[in-house]
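> Before anything else, here's the structure in question.
The values are calculated or read from the model by the stated rules, or taken from the named source; none is laboratory data. All of these numbers come straight from a predicted model, not from anything done at the bench. Using ideal geometry, Cβ is built from the backbone for each residue, glycine included, and neighbour counts are taken over all protein chains shown. Each accessible area value is taken on the protein alone, full model and side chains, heavy atoms only, with ligands, DNA and RNA left out. Shrake-Rupley method; radii C 1.70, N 1.55, O 1.52, S 1.80 Å.
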Amino acid sequence: MEVCSQLPVLPLDRPVPQHVLRRRGAISLGTSSALFGGPSPRQLCKRRGGVSYNSADQAVLYLHLLGDVKQRGPGPSEPVRGAPHSHVKVDYQRFHCHQGPVRPGARGLKSHRRRLSFQRGLKSRHLLQRPSGPQHLLDQVYNCQVKCMLDKVDSWDFDIFMFDRATNGNGLVTLTFHFFLQLGLTRLFRLDPIKLRSFLVMVQADYHQRNPYHNSLHATDVTQAMYCFLRQPKLATTLSSCDMLLALVAAVTHDLDHPGVNQGFLVRTGHHLAALYKNSSVLESHHWRCAVSLLRESGLLDHLPITDRLNLEERLGSLILATDISQQNRYLARFREHLDREDLSMADPSHRHLVLQITMKCADICNPCRVWRLSSQWSSRVTAEFFHQGDVEKKHRMAVSPLCDRLSDSTAHIQAGFIRHVVEPLFREWCRFSCTSLSHRMLAHLQTNLDRWTDPSQHPETPPLESYQPS
């Protein structure tokens, strides 16, 4: 099931109120919709799901139809064995969509293009408005649940999956807006709340929700982890308000418009981003440019002097580029060197920025440091994304990337190697810098999760860990 088309304005015989539109699911049209050029109810009844409502709040409706994909154009050709892979065309907007078997003679899929800024506003406008009428009891229950969860948002065991369900998939907007208020950033930087919310809505919309892992939920989780780190004494007492603003914006946007594949895949398939950024930190550079684009489009920082805005954008880029996993040893070596010499001074702007980069890296890969019931869910998601890339590579007769072959790799193998070679060295040094109860708790969860992943009785299929190669 996937989005196959977006209808323009459809007149309805029964208007639909705002609070119904805020709920997920398809909307079934009334009988008079066919009279105004819309599809007939007999055709729409074959679609999955439906909600009808009688009210007088509004008379038009923007919606997506859910159902079988109609195929148009020539089908994809089978690649020639041994040929170069620059011809491989991958529709990243539909990369992780489930596609059923294609019938012989069926036509190719019509690509679902990214919305322009004005189109994105139509889809996201309901997030910027409050319902004009009284809310349903169910709405009030959800709002109360969200408020109760936000009271405990600084807990390391915060259930981000439950929060996403309680906010109806709008956790990134709700959580980040709350953090800006809690830290007083809207007041200190004189941020327009409407522009801030507009920026967050556009950020959330530009994450690919079809990605099993690199979607807005991952960004929400990283932002919550960043908030927990910012509240630690070593950072809360030394970081400036500008540092905290940059940290939150970087956490929210650090994987913006992620296509669901790694850099190696983009390079081998001749993707235009790989050529644009010269095969170096391709994804991270793209995330940064997308973040700057949305900042300017929303006008969030337009009231600041141009030199200050450019400086903030440059520093934001250095934080997002620090999430490149292939560059971790370089950042970690600098951090460890300062800790060994005991000359890390939070009064030095360059040292403080290095700490922010390390904090960003910790927030980005902190999933193995969560409690098992949360960590295991993230492990399944990232493995599903890896394996899907491997399936596409096999389909196009390309060499399968490391950790992406579902036949030879396993979740236990990937996670155990990732913890030992990437996560544990980073968080050991972080604990040296910020020796708090939270740091020790994260290391305890990390060891517990590693023990579970390496337990042969629970994961007998785990291959030797020596074959692990970070991708």
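> Go over the candidates T220, T238 one by one and state the one that is buried (at least 22 other Cβ atoms within 10 Å of the Cβ), of a type in the set (S, T, Y) and within 27 Å of H353 (Cβ to Cβ).
Result: T220 is the single residue among T220, T238 that is buried (at least 22 other Cβ atoms within 10 Å of the Cβ), of a type in the set (S, T, Y) and within 27 Å of H353 (Cβ to Cβ).
> Could I ask something else about it? Please list, ordered by first then second residue, the pairs with beta carbon atoms under 8 Å, 6 or more apart or interchain, first in the range 146-169 and under 19 Å from R370 (Cα atoms), second in a helix (DSSP H, G or I) and among the acidic types (D, E).
Taking only residues 6 or more apart or on different chains, the pairs are I160/D221.
> Still on this structure, I have one more. Could you give me the residue pairs with C-beta distances under 8 Å whose first residue belongs to the range 188-203 and is of a type in the set (D, E, K, R), whose second residue is assigned to a helix (DSSP H, G or I) wherever it lies, and which are 6+ apart or on separate chains?
Hits for this filter: K195/S298; R197/L127; R197/L128; R197/V173; R197/F177.
> Return the pairs, sorted by first residue and then second, in which the second residue is among the β-branched types (V, I, T) and outside any loop (DSSP other than H, G, I, E, B), the first residue lies in the range 266-280 and is at positive phi and surrounded by fewer than 18 Cβ atoms within 10 Å (Cβ to Cβ), the beta carbons are less than 7 Å apart, and the residues are 6+ apart or on different chains.
Listed by first residue and then by second, the contacts come to N279/V267.
> Among the residues of the range 196-214, write down those that are basic (K, R) and outside any helix (DSSP H, G or I).
R210
> Does L235 satisfy the criteria of being within 16 Å of E385 (Cβ to Cβ), in a helix (DSSP H, G or I) and not acidic (D, E)?
Answer is no for this residue.
> Also, quick follow-up: Kindly check whether there is at least one residue in the range 210-217 that is open to solvent by less than 10 Å² (accessible area, probe 1.4 Å) and hydrophobic (A, V, I, L, M, F, W, C).
no
> Would you say R190 is out of contact with any helix residue (DSSP H, G or I) (no Cβ under 9 Å at 6 or more places or on another chain) and open to solvent by 40 Å² or more (accessible area, probe 1.4 Å)?
yes
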